[in-house]
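What follows is a single structure, written as structure tokens, with notes after it.
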Amino acid sequence: MSGSDNPSEMSEDEERPCPSDLTGGVTAKARNCCFNAAVTGGGGGIFNFSPHPDQVLENVLENVLCFLTDRRDRNAASLVSKSWYRAEALTRSEVFIGNCYAVSPTRVTTRFKRVTSVAIKGKPRFADFSLLPPDWGAHFTPWASVLGDSYRGLEKLYLKRMSISDDDLGLLARCFPSFKELVLVCCEGFGTSGLAIVARDCRQIRVLDLIESEVSDDEVDWISYFPENKTCLESLTFDCVECPIDFEALEKLVIRSPSLKRLRLNRFVSITQLYRLMIRAPQLTNLGTGSFGASTVTDEPEPDYASAFAACKSIVCLSGFREIAPEYLPAIYPVCGNLTSLNLSYGANINAEQFKSVISRCHKLQVLWVFDSVCDEGLEAVAATCKDLREIRVFPIEAREDADAPVSEVGLLAISEGCRKLKSILFFCQRMTNAAVIAMSKNCPDLVVFRLCIMGRHLPDHVTNEPMDEGFGAIVKNCKKLTRLAVSGLLTDRAFSYIGQYGKLVRTLSVAFAGNSDLALKYVLEGCPKLQKLEIRDCPFGDLSLRSGLHHYYNMRFLWLSSCRVTLQGCQEIARQLPRLVVEVISGDDEEGSETNEHVNTLYMYRSLDGPRADVPSFVQIL
């Protein structure tokens, strides 16, 4: 982090989708047009208003900056001069905070006055893997109260890994009369009572997306709280809600929502009910199917499910399949030819033959998420069919070190040879070879994201028994656009020397069970100038390697180290030398923070403009 008072610098993140529109700039442009107008005097003469040259410059800047939408471009513009700083703040309608503790809500609202869209991230990603105690923090309540007072025109809110209460949702509904979009990703703390308030009181709501969030069942039929007249809904996602819904209320809601394009259902919606919804909403472009399991129809003939899919000619994104019955798979054949995105990673344990019958029809596919149950054979079918594929994620059915993973270097090699436009890959496997990874680096040089997770600790190339150093070295050397990298398998310090030497654009690096010594981390911290997020667990890195990043920590979003060899004394030294860096030492789950000079359990360091947070739990010690 630089020394400038610039909370917008916290917004550098690749994961968040681009906002749908920009509205703040129009107001600024309309306001500034008045400076060029002629003023008519009482006697009929015309008097020209000549503003100060500095004012003219700021007016021009505001009009130009209205069309600048990229966050990094705006951040760079704000650093040019004081006048650019002011103009950029006045024209910014969107604010993205990559760490809720990196800047206070008051600082944000003081600088940016005309914001209509706010996005905030809370807990670090390792919270998804139970490596962070559940009560660590990331509460939205302090943000809610400040935003409610300052941004009455707020229209959009995106939260990820935050704790948001029903009361917070009630405040949103009360304070923001023009509120239109709510997206909660991996959030917790709220229930169906809070959703009912949003449905009832946010009359202009267009997007209500709950993605991988934990929603408590308050036995409130929240779907029935939407207004009984025509709605503005364009997107409704609740596939993560683990409680039944009133289907009759849902069907009526779909009928009242002619603009609905995205609908993702939970597992309590049967395939028969899905059929009824699709008949009511043929305009859908993005569909999450619900369970897609065995039909509940007994006395009546089963509907023609394929005809419902055939009628929805606009579907390009398909997901769901929570409890799939393979005999119903042919029903989706009519839409396969138009699909650009297919997600079978929510519970669809389909085998290679079943998968091939679907994927062989998906010639336009660009995004694919799937379980490894499709085997290498299924990935070979992907390579043969999906020539325009840009992203693939292969998840494990059994995420255990000793599990028999049915995908290997054979599938990876096939994807690299058949899908040359690939930009992003996440691949879980139990065995891999350097040759396959090197081939991918040559066949897919446009890779931006490469995450290879070899389950099992310190596993070498299973053919040569050599470390995986050369494979990952080839990735950072040949993939010039690489910004995100996750490494695994048996890796020596040599692999990290390659990353430091060639990974000049790497922004996010995840490491587990790798490296020989402190030298490995030193290579990375001294060689990767763009590094923003560094996640490390179970590696032999100690105080020496930690000190090697002193020159860079202010420029990073965060550093996470768990189960490494860093001592409390080493952490204290970092805190003393970098006073604007928040250094958190986290004990085990709900244990009191009583680390000694032995190795700390978890170290979490992040830059902050406003110092340590106030809501520190007992198992966290801030140095």
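The values are calculated or read from the model by the stated rules, or taken from the named source; none is laboratory data. Note that the coordinates shown come from a computational prediction; the quantities given were computed from them, not determined experimentally. Quick reminder, even Gly has a Cβ in these numbers, built from the backbone with ideal geometry, and neighbours come from all protein chains shown. Note: accessible area is taken over every heavy atom of the protein model, side chains too, but ligands, DNA and RNA are not part of it. Shrake-Rupley method; radii C 1.70, N 1.55, O 1.52, S 1.80 Å.
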Open item on the list: Taking θ = phi - 60°, what integer Hz values does the Karplus form 6.51 cos²θ - 1.76 cosθ + 1.60 yield along region 431-437, in sequence order, with x for Gly and Pro?
Closed with: 8, 7, 10, 4, 4, 5, 5
Task: Mean residue ellipticity (222 nm) of the chain, computed from DSSP H runs ≥ 4 via -39,500 (n - 2.57), nearest 500 - done: -8500 deg cm²/dmol
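Antiparallel versus total DSSP beta bridges in the chain: what percent is that, nearest 5? Don't jump to the answer; show the numbers that get you there.
Values: 18 of 92 bridges.
Just about 20 percent of them are antiparallel.
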Task: Charge dipole (debye, nearest 20) of region 477-619; +1 at Cβ of Lys and Arg, -1 at Cβ of Asp and Glu - done: 1260
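Quick check for you: with a 1.4 Å probe and neighbouring chains kept, what is the accessible area per residue of the chain, in Å²? Walk me through the numbers on the way to the answer.
Numbers: 25260 Å² over 623 residues.
Result: 41 Å² of accessible area for each residue.
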Open item on the list: I'd like the accessible area for Met162, computed on protein heavy atoms only with a 1.4 Å probe and all protein chains in place. Round to 10 Å², please.
Closed with: 0
Open item on the list: Given an 8 Å cut-off on Cα distances and at least 6 residues of separation, report the relative contact order of region 83-160 as a percent.
Closed with: 37
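Ignoring ligands, DNA and RNA, how do Arg280, Arg607 rank by accessible area with a 1.4 Å probe, largest first?
Values: Arg280 125, Arg607 10 Å².
Solvent-accessible surface, decreasing: Arg280, Arg607.
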Task: Listed residues Cys202, Ser117, Cys187: farthest to the positive end of the dipole of region 82-209 (Cβ charges) - done: Ser117
- [ ] In whole Hz, with x marking every Gly and Pro, tabulate ³J(HN,Hα) for region 331-346 from phi via Karplus 6.51 cos²θ - 1.76 cosθ + 1.60, θ = phi - 60°.
- [x] 4, 8, 3, x, 9, 4, x, 9, 5, 10, 9, 9, 10, 10, 9, 9
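Between Glu219 and Asn555, what's the calculated FRET efficiency when r is the beta-carbon distance and R0 is 45 Å? Round to 0.05. Let's see the in-between values first.
Values: r = 49 Å, r/R0 = 1.09.
Rounded to the nearest 0.05, the efficiency is 0.40.
Relative contact order (percent) for the chain, with alpha-carbon contacts under 8 angstrom and 6 or more residues of separation?
Values: 1433 pairs, mean separation 41.6, N = 623.
In percent, rounded to a whole number, it is 7.
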- [ ] Note down the accessible area of Phe450, probe 1.4 Å, to the nearest 10 Å².
- [x] 0
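Can you give me the % of accessible surface on region 448-507 that is carbon or sulfur? Probe 1.4 Å, all protein chains present, nothing else counted.
Whole-percent figure for carbon plus sulfur exposure: 54.
Please report, in debye to the nearest 20, how large the charge dipole of region 157-258 is about its Cα centre when each Lys and Arg carries +1 at its beta carbon and each Asp and Glu carries -1 there. Let's see the in-between values first.
Details: 10 positive and 20 negative charges, 144 e Å.
I would put it at about 700 debye.
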Open item on the list: From the phi angles alone, apply the Karplus equation (6.51, -1.76, 1.60; θ = phi - 60°) to region 410-417 and give each ³J(HN,Hα) in whole Hz, x where the residue is Gly or Pro.
Closed with: 5, x, 4, 5, 4, 4, 5, 7
Open item on the list: Taking the Cα centroid of region 350-384 and of region 229-276, what is the distance between the two, rounded to the nearest whole Å?
Closed with: 28
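Assigning unit charges at the beta carbon (Lys, Arg +1; Asp, Glu -1) and nothing else, what dipole magnitude in debye, to the nearest 20, does the chain show about its Cα centre?
Numbers: 68 positive and 78 negative charges, 618 e Å.
It comes to approximately 2960 debye.
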- [ ] Taking the Cα atoms of the chain, report the difference between the largest and smallest coordinate on each principal axis, in whole Å and largest first.
- [x] 90, 71, 47
Task: Sparse-neighbourhood loop sites, GluC sites (Glu not before Pro) in region 525-623 - DSSP loop, at most 16 other Cβ within 10 angstrom - done: Glu591, Glu592, Glu598
Open item on the list: Below 13 Å, Cα to Cα, which aspartates and glutamates can Lys522 reach? Residues fewer than 8 away in the same chain don't count.
Closed with: Asp493, Asp543
- [ ] Please name whichever of Ser78, His599, Leu318 sits farthest to the positive end of the charge dipole of the chain, dipole taken about the Cα centre and charges placed at Cβ: Lys and Arg +1, Asp and Glu -1.
- [x] Ser78
Task: By accessible area with a 1.4 Å probe, ligands and nucleic acids excluded, highest first: order of Lys113, Lys522, Lys180 - done: Lys113, Lys522, Lys180
TODO: Express in Å², to the nearest 10, the accessible area of Asp149 obtained by rolling a 1.4 Å probe over the protein heavy atoms while all chains stay in place.
DONE: 130
Task: Dipole of region 435-493, positive direction: furthest Cα of Asn465, Thr492, Ala436, with charges on the beta-carbon - done: Ala436
- [ ] Determine, at each q value in 0.14, 0.18, 0.19 (inverse angstroms), the log₁₀ of I(q)/I(0) that the Debye formula gives when each Cα of region 265-375 is one equal point scatterer.
- [x] -0.50, -0.85, -0.95
